[in-house]
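> Just dropping this structure here.
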Amino acid sequence: MSTAQLPSKVRIVEVGPRDGLQNESNPVSLDTKVELINRLSEAGFRYIETGSFVSPKWVPQMAASGQVFAGIERRSNVTYAALTPNLKGLEAAIEAGADEVAVFAAASESFSQNNINCSITESIERFRPVLRTAGEQNLPVRGYVSCVVGCPYEGEVAPQKVADVCNMLLELGCREISLGDTIGVGTPGSIGDMLELVTKQIPPDKLAIHCHDTYGQALVNIYTALLFGIGVVDSSVAGLGGCPYAKGASGNVATEDVLYLLQGLGIDAGIDLNKTIAAGNFISQALGRRNGSRVANALQPLAV
Ligand code: HMG
Ligand code: MG
């Protein structure tokens, strides 16, 4: 088949240690988090979302993110990133030595209120000093837009709303925008319609795709995004995850499954699939559950 339209390289943003673990209700030990991240860097990941500096009352599992940053073996060719919803979070991320931070907005008002306790406009105003201070420190900032096709409170989301929030984040100085199907309701139909409009206003090399797999559509949605020229894919080892403020949202797409897809398409991601599966089996065992990656279960099944 002709793959002329597809990017020749894809950068994986591994979000398992943050988006994956943030939703775990039982505490995950510091040692386990640190070992997971070290195994991921050893497998070849060059971008690992390592934690988030948010209110510990809102997301208790991320409360020890500073200790996670202090405990990992840092590799100079890896970006260890963190979520920062406000200046307080940014200050903590700088102190922890994060290489990059991310602000997170939504394309739906209700999700914004439920996730970060403010409207979309207020969130942009809150991010302004975060971007300014990060800029003074030469710290790159990624932007997230959640609910790009569907919202758990409002249902369908209009593509223009997504483009508007992306534009606001880019104007603030975000280096890249990750488009999140937070509750995994998208299909190539709705994701395609959204990307059709968004990529007319924003070049695909400024965009990443972030799919949750609630309805089993994540891989085909990612494939759709690749066809639109998007070359950055967020994924989570062993398919860990969910969002505490998106009821019913299952894990992110499993990184192992994305790597298998990319291998099949002849696209280089520079990551060792077998080591990624071993890292996924490690964290699945630590959490006492089956590995959420179909590819991992096919290639290195865990006895659980
Ligand atoms: P708030 O209650 O409106 O904030 O929460 P506040 O400024 O009034 O502060 C309340 C308390 O939180 C105070 O403490 C602050 O000091 C503290 P108290 O005086 O009550 O003891 N606080 C903080 N503590 C630590 N770090 C901070 C911080 N900020 C305030 N940075 C806030 C507003 C944004 C803080 C809160 O709503 C929050 O932390 N939300 C985070 C929610 C979250 O992490 N959600 C998951 C990540 S988003 C996601 O998963 C989607 C994504 O994956 C993409 C996708 O799938 O679509 C990215
Ligand atoms: Mg997410």
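The values are calculated or read from the model by the stated rules, or taken from the named source; none is laboratory data. This is a predicted model, so every value here is computed, not measured. Here the Cβ is made from the backbone with ideal geometry for all residues, glycine too, and neighbour counts use every protein chain on show.
> Tell me, please, whether a residue that is among the hydroxyl-bearing types (Ser, Thr, Tyr), within 15 Å of ligand 2 (Cβ to nearest atom), in a loop (DSSP other than H, G, I, E, B) and at pLDDT 95 or above can be found in segment 139-149.
no
> Looking at the structure I just gave you, is Asp257 farther than 22 Å from Ala105 by Cα, crowded, with 20+ Cβ neighbours inside 10 Å and either of a type outside the set (Ser, Thr, Tyr) or over 15 Å from the mean Cα position of the chain (by Cα) (or both)?
For Asp257, the condition - farther than 22 Å from Ala105 by Cα, crowded, with 20+ Cβ neighbours inside 10 Å and either of a type outside the set (Ser, Thr, Tyr) or over 15 Å from the mean Cα position of the chain (by Cα) (or both) - is met.
> Tell me yes or no: at least one residue of segment 68-82 is among the polar types (S, T, N, Q) and either at pLDDT below 95 or surrounded by 20 or more Cβ atoms within 10 Å (Cβ to Cβ) (or both).
no
> Among the numbered criteria (1) surrounded by fewer than 17 Cβ atoms within 10 Å (Cβ to Cβ); (2) touching a Pro at 6+ places or on another chain (Cβ under 9 Å), which single criterion is violated by Asn115?
It fails just one condition, (1).
> Next up: Starting from residues that are within 16 Å of ligand 1 (Cβ to nearest atom) and of a type in the set (A, V, I, L, M), keep the ones in segment 1-48 and report whichever is farthest from the chain's Cα centre (by Cα).
Out of the qualifying residues, it is Val28.
> Continuing with this model, one more query. Across segment 116-131, what is the number of residues that are within 23 Å of Ile94 (Cα to Cα) and touching a residue at least 40 places away in the same chain (Cβ under 8 Å)?
Residues in segment 116-131 being within 23 Å of Ile94 (Cα to Cα) and touching a residue at least 40 places away in the same chain (Cβ under 8 Å): 7 in total.
> Cβ-Cβ distance below 7 Å, separation of 6 or more or different chains: which pairs start in segment 81-92 with a residue that is more than 16 Å from Asp19 (Cα to Cα) and end on one that is within 6 Å of ligand 1 (Cβ to nearest atom)?
Listed pairs, sorted by first residue: Gly89/Phe53; Gly89/Val54; Ala92/Phe53.
> Restrict the check to segment 210-221 and report whether at least one residue is over 28 Å from Leu302 (Cβ atoms) and either assigned to a strand (DSSP E or B) or among the charged types (D, E, K, R) (or both).
Checked against the condition, which is being over 28 Å from Leu302 (Cβ atoms) and either assigned to a strand (DSSP E or B) or among the charged types (D, E, K, R) (or both), segment 210-221 yields no hits at all.
> Counting only residues that are touching a Gly at 6+ places or on another chain (Cβ under 9 Å) and part of a helix (DSSP H, G or I), how many does segment 68-110 have?
Within segment 68-110, residues that are touching a Gly at 6+ places or on another chain (Cβ under 9 Å) and part of a helix (DSSP H, G or I) number 7.
> In addition: For residues in segment 183-194 being touching a residue at least 40 places away in the same chain (Cβ under 8 Å) and out of contact with any helix residue (DSSP H, G or I) (no Cβ under 7 Å at 6 or more places or on another chain), which is surrounded by the most Cβ atoms within 10 Å (Cβ to Cβ)?
Once the filter is applied, the top-ranked residue is Ile183.
> Within segment 289-304, how many residues turn out to be touching a residue at least 12 places away in the same chain (Cβ under 8 Å) and over 23 Å from Val232 (Cβ atoms)?
7
> Taking the criterion of being buried (at least 18 other Cβ atoms within 10 Å of the Cβ), outside any loop (DSSP other than H, G, I, E, B) and within 17 Å of the chain's Cα centre (by Cα), would at least one residue in segment 196-203 satisfy it?
The answer is no, given that none of the residues of segment 196-203 is buried (at least 18 other Cβ atoms within 10 Å of the Cβ), outside any loop (DSSP other than H, G, I, E, B) and within 17 Å of the chain's Cα centre (by Cα).
> Looking at segment 30-46, which of its residues are crowded, with 21+ Cβ neighbours inside 10 Å and either at positive phi or not in a helix (DSSP H, G or I) (or both)?
Phe45 - this is the single residue of segment 30-46 that is crowded, with 21+ Cβ neighbours inside 10 Å and either at positive phi or not in a helix (DSSP H, G or I) (or both).
> Out of the residues in segment 274-288 meeting the condition of being crowded, with 21+ Cβ neighbours inside 10 Å and in contact with an Asp or Glu (Cβ under 7 Å, 6 or more places away or on another chain), tell me which one is nearest to Val233 (Cα to Cα).
Ranking the qualifying residues of segment 274-288, first place goes to Thr276.
> Tell me whether segment 235-249 contains one or more residues that are at pLDDT below 95, surrounded by 18 or more Cβ atoms within 10 Å (Cβ to Cβ) and aromatic (Phe, Trp, Tyr).
Yes: segment 235-249 contains one or more residues that are at pLDDT below 95, surrounded by 18 or more Cβ atoms within 10 Å (Cβ to Cβ) and aromatic (Phe, Trp, Tyr).
> Is one or more of the residues making up segment 213-228 closer than 21 Å to Leu83 by Cα and within 16 Å of ligand 2 (Cβ to nearest atom)?
No, the conditions are met nowhere in segment 213-228.
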